[in-house]
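**Student:** First the structure, then my questions, so here it is.
The values are calculated or read from the model by the stated rules, or taken from the named source; none is laboratory data. Keep in mind the model is a prediction, meaning the values are calculated, not measured. As a convention, Cβ positions derive from the backbone with ideal geometry for all residues, glycine included, and neighbour counts pool all protein chains shown. Protein only, heavy atoms only, side chains kept; ligands, DNA and RNA dropped before computing areas. Shrake-Rupley method; radii C 1.70, N 1.55, O 1.52, S 1.80 Å.
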Amino acid sequence: MSLPENAQRELRPGESYQPLLSPEKKYAEVTPYSVLMGLAMVILFSAAAAYLGLKVGQVFEAAIPIAIIAVGVSGALKKNSALAQNVIIQSIGGCSGAVVAGAIFTLPAIYILQSKTDAAGNLLYPDLQVNFMQMVFSSLLGGILGILFLIPFRKYFVKEMHGKYPFPEATATTQVLVNGEGGGTGAKTLLVSGLIGGLYDFVVSTFGLWSETVSTTVLGIGQTIADKAKAVLKLNTGAAVLGLGYIVGLKYAFIICCGSLLVWLVIIPLINLIWGGQVIDLMNTGLAMTVGEMAPEQIFKEYARHIGIGGIATAGIIGIIKSFGVIKSAVGLAAKEFGKGGTEPADEVRTEQDIRMKTIVTAIIITLLAIFAFFGFGGVVNNVWQALIALVVVAVISFLFTTVAANAIAIVGSNPVSGMTLMTLILASIVLVAVGLKGSAGMAASAIIGGVVCTALSVAGSFITDLKIGYWIGTTPRKQETWKFLGVAVSAVTVCGVMLILNKTYGFVGDQALVAPQANAMAAVIEPMMNGGGAPWLLYGIGALIAIALTLFKVPALPFALGMFIPIDLNLPLLIGGAISWFVGSRSKDAALNAARQEKGTLIASGFIAGGALMGVVSAILKFAKVDWFLYGWEASWGQAVALIPFIGIIAYIILSSLKAEKE
């Protein structure tokens, strides 16, 4: 069993995509087994991801491990025709990673600020309080809003843009589900490459036999250039990231890398050249170093990445303007359904059935009213006027950035949710201060508002992956959409419960405190903003101008802006993977042979991603259990020197194995 030949390419005029499961037939999708298994996965992976994300600072994506478990369990139980049920399991279970990211990026910032003390040991913000139910509602309402805002865009992303977006994570997950169901040579290829990729990444992260990242600073001249000119290049040598690049493809990988190279080889050196001797504290965070004293990585963190955030936000607004037709048709459809009583078209095939637009619009209104009530009467803000302003901030930003999140996942498989949340916190803080909410109360309100938006964007980005998987395989969208709400609810309660327990057990401040890097970054933004600090508007503006200029020259602005925001070590291997994809798919004059080679390469790349994701969980668990097999001395002395040898080895493996493929 394998996906149709036209699953990942653009369709020719008059051609249509026929999924694996016939749209004309009905299949067992939502069953007691699939729902209970999905809920078990969402509880297990929500707890694990929250625990590991806060304890060791390592957030993993749950979709692929859940797909692997679903395939394994259905096989062990000898379930016939389990494919559609496994999609539901993965879709419900996949809520875990999305809700976790939304919650742990923002809400622990409240605990961090609660624990801050002055020189005498007195709490700085003794009246900064938040309770368990406020955190749950922040995650729950944000997740629901993300699902509702995304559903009207489903057909645009998964059907109208078929073959134009690579959907790397959806591709890998689909290959696991399909080949796990069908077996055969595809399953063998996926298993072997999964073992190779998983063991490769496990050896790097657990033993350190070679470095995960190779930098130009490993050479003396490279270190000198980094110190003096602040120019540096880095390459992540992981198998999973290389596989991601293969599926992303050369076109998008090249655009992403252009954005990255602009930042690291032009903008960062320019910032040093112009302001090297100055201390520039754009956000009043107490920064004391001059630009010239910073390493290139710190200049990126403090200044250059904000240009990427501005570019991402502007690209999102441009995307909304361009997709105005999609919004208009969704609104028109809703109006028509309200007029006709919401009856379902008789000729709509099973695989095109969404929750009715009338229901979606009604649910959005109810959810926004619930958010308003939560803000106004749930102790988040002081009065109804502030609640209304906060609601407008949440609704506008969530709606604008939902398509950005979906676009980013569709292109590169990575959601820039932290950057968009950072901008949300800044905007929310400015607006709340303007309407009289500042200090401790403002900090709590800003973090909760940020939690709603962050979860909405994270869930929307994750959900587009689920819907693409369902489109390729042929499940019913409405069933995925309906049961996603239950997954979000269970995940929200689980994640917030884990956060509460971890805060009481370890805390977020002190010697044995939880790492929580994203939440610490958010707390560092909220505190000065609520005490009269500023925002890096100039840098956001530069990013916006770059995005507008790219659009005028018909260069996709979002992938370029993603390249400016995502660290360069994760972008360069995308280019290598994309180049491999182009190479194996263009060696022959026989188009059918090129397609067969490309497909085998996609299977291998999917195996690398799946194996890396699974071993990432294992490595994080070992790290938490304080199992330390890392060869620190060897890695420090020789890690970077030998890293390129195994990296070239897996490049050779994917090329040679793909070129051995034969057309059917």
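**Student:** Going through 653, 632 one at a time, which residue ends up being hydroxyl-bearing (Ser, Thr, Tyr), open to solvent by 30 Å² or more (accessible area, probe 1.4 Å) and under 30 Å from residue 10 (Cα atoms)?
**Tutor:** From the options 653, 632, the qualifying one is 653.
**Student:** Right, here's the next one. For the condition crowded, with 20+ Cβ neighbours inside 10 Å and either touching a Phe, Trp or Tyr at 6+ places or on another chain (Cβ under 8 Å) or free of Cβ contacts under 8 Å to residues at least 40 places away in the same chain (or both), what is the one hit in 504, 484?
**Tutor:** So the residue among 504, 484 that is crowded, with 20+ Cβ neighbours inside 10 Å and either touching a Phe, Trp or Tyr at 6+ places or on another chain (Cβ under 8 Å) or free of Cβ contacts under 8 Å to residues at least 40 places away in the same chain (or both) is 484.
**Student:** From the set of residues in the stretch 123-138 that are open to solvent by less than 60 Å² (accessible area, probe 1.4 Å) and assigned to a loop (DSSP other than H, G, I, E, B), which is modelled with the highest pLDDT?
**Tutor:** Out of the qualifying residues, it is 125.
**Student:** Determine, yes or no, whether residue 174 is more than 25 Å from the chain's Cα centre (by Cα), assigned to a helix (DSSP H, G or I) and touching a residue at least 12 places away in the same chain (Cβ under 8 Å).
**Tutor:** Working: more than 25 Å from the chain's Cα centre (by Cα): no; assigned to a helix (DSSP H, G or I): yes; touching a residue at least 12 places away in the same chain (Cβ under 8 Å): yes.
No: the conditions fail for residue 174.
**Student:** Among the numbered conditions (1) at pLDDT 85 or above; (2) under 24 Å from the mean Cα position of the chain (by Cα); (3) open to solvent by less than 20 Å² (accessible area, probe 1.4 Å), tell me where residue 419 comes up short.
**Tutor:** (1)
**Student:** Tell me, which helices (runs of 4 or more DSSP H) lie completely within the stretch 554-660 with 3 or more residues that are free of Cβ contacts under 8 Å to residues at least 24 places away in the same chain?
**Tutor:** Qualifying helices (runs of 4 or more DSSP H): 640-659.
**Student:** Additional query: Suppose we filter the stretch 275-295 for residues that are open to solvent by 10 Å² or more (accessible area, probe 1.4 Å) and part of a helix (DSSP H, G or I); how many remain?
**Tutor:** Summing the residues that are open to solvent by 10 Å² or more (accessible area, probe 1.4 Å) and part of a helix (DSSP H, G or I) in the stretch 275-295 gives 3.
**Student:** Could you please give the count of residues in the stretch 4-26 that are crowded, with 17+ Cβ neighbours inside 10 Å and either farther than 14 Å from residue 162 by Cα or of a type in the set (Asp, Glu) (or both)?
**Tutor:** Residues that pass the stated criteria total 2.
**Student:** Kindly list the number of the only condition in (1) in a helix (DSSP H, G or I); (2) surrounded by fewer than 23 Cβ atoms within 10 Å (Cβ to Cβ) that fails for residue 543.
**Tutor:** Among (1) in a helix (DSSP H, G or I); (2) surrounded by fewer than 23 Cβ atoms within 10 Å (Cβ to Cβ), the lone unmet condition for residue 543 is (2).
**Student:** Of all residues being open to solvent by 10 Å² or more (accessible area, probe 1.4 Å) and touching a residue at least 60 places away in the same chain (Cβ under 8 Å) in the stretch 509-524, which is nearest to the chain's Cα centre (by Cα)? Just the residue, please.
**Tutor:** Once the filter is applied, the top-ranked residue is 518.
**Student:** Sort out which residues of the stretch 59-115 are over 23 Å from residue 465 (Cα atoms) and either among the basic types (Lys, Arg) or free of Cβ contacts under 8 Å to residues at least 60 places away in the same chain (or both), and write them in order of number.
**Tutor:** Passing the criteria: 76, 77, 78, 79, 80, 114.
**Student:** What number of residues within the stretch 75-97 satisfy the criterion of being surrounded by 18 or more Cβ atoms within 10 Å (Cβ to Cβ) and at pLDDT below 85?
**Tutor:** 1
**Student:** Also, I was wondering about something else. Which helices (runs of 4 or more DSSP H) does the stretch 197-264 wholly contain that include 1 or more residues that are over 22 Å from the mean Cα position of the chain (by Cα)?
**Tutor:** 220-228, 250-262
**Student:** Can you confirm whether the stretch 217-229 contains a residue that is surrounded by fewer than 22 Cβ atoms within 10 Å (Cβ to Cβ) and more than 27 Å from residue 261 (Cβ to Cβ)?
**Tutor:** Checked against the condition, which is being surrounded by fewer than 22 Cβ atoms within 10 Å (Cβ to Cβ) and more than 27 Å from residue 261 (Cβ to Cβ), the stretch 217-229 yields no hits at all.
**Student:** Being aromatic (Phe, Trp, Tyr) and buried (at least 24 other Cβ atoms within 10 Å of the Cβ) is the filter here, so list the residues in the stretch 243-272 that pass it.
**Tutor:** Residues satisfying the conditions are 246, 252, 264.
**Student:** Let me ask something else. May I ask you to verify whether residue 141 is open to solvent by less than 10 Å² (accessible area, probe 1.4 Å) and not in a loop (DSSP other than H, G, I, E, B)? Let's see the steps before the verdict.
**Tutor:** Working: open to solvent by less than 10 Å² (accessible area, probe 1.4 Å): no; not in a loop (DSSP other than H, G, I, E, B): yes.
In short, no.
**Student:** Can you find a residue in the stretch 226-240 that is closer than 30 Å to residue 4 by Cβ and touching a Phe, Trp or Tyr at 6+ places or on another chain (Cβ under 9 Å)?
**Tutor:** So far as the stretch 226-240 goes, yes, one or more of its residues are closer than 30 Å to residue 4 by Cβ and touching a Phe, Trp or Tyr at 6+ places or on another chain (Cβ under 9 Å).
**Student:** Hey, another quick one. If I go through the stretch 595-629 residue by residue, how many of them are touching a Phe, Trp or Tyr at 6+ places or on another chain (Cβ under 9 Å), among the small types (Gly, Ala, Ser) and surrounded by fewer than 24 Cβ atoms within 10 Å (Cβ to Cβ)?
**Tutor:** Matching residues across the stretch 595-629 total 3.
**Student:** Among the residues of the stretch 168-177, is there at least one that is open to solvent by 20 Å² or more (accessible area, probe 1.4 Å) and among the hydrophobic types (A, V, I, L, M, F, W, C)?
**Tutor:** Of all residues in the stretch 168-177, those open to solvent by 20 Å² or more (accessible area, probe 1.4 Å) come to 169.
Then keep just the ones that are among the hydrophobic types (A, V, I, L, M, F, W, C); that gives none.
No, that holds for no residue.
**Student:** Additional query: Pairs needed: first member in the stretch 353-374, crowded, with 16+ Cβ neighbours inside 10 Å; second member anywhere, of a type in the set (Lys, Arg); C-beta distance under 7 Å; at least 6 residues apart or different chains.
**Tutor:** The qualifying pairs are 353/478; 354/154; 354/478; 355/478.
**Student:** Name the single residue that is nearest to residue 255 (Cα to Cα) among those in the stretch 144-171 being touching a Gly at 6+ places or on another chain (Cβ under 7 Å) and in a helix (DSSP H, G or I).
**Tutor:** 168
**Student:** For the stretch 494-538, give me the residue count where each residue is part of a helix (DSSP H, G or I) and not acidic (Asp, Glu).
**Tutor:** Total satisfying the criteria: 27.
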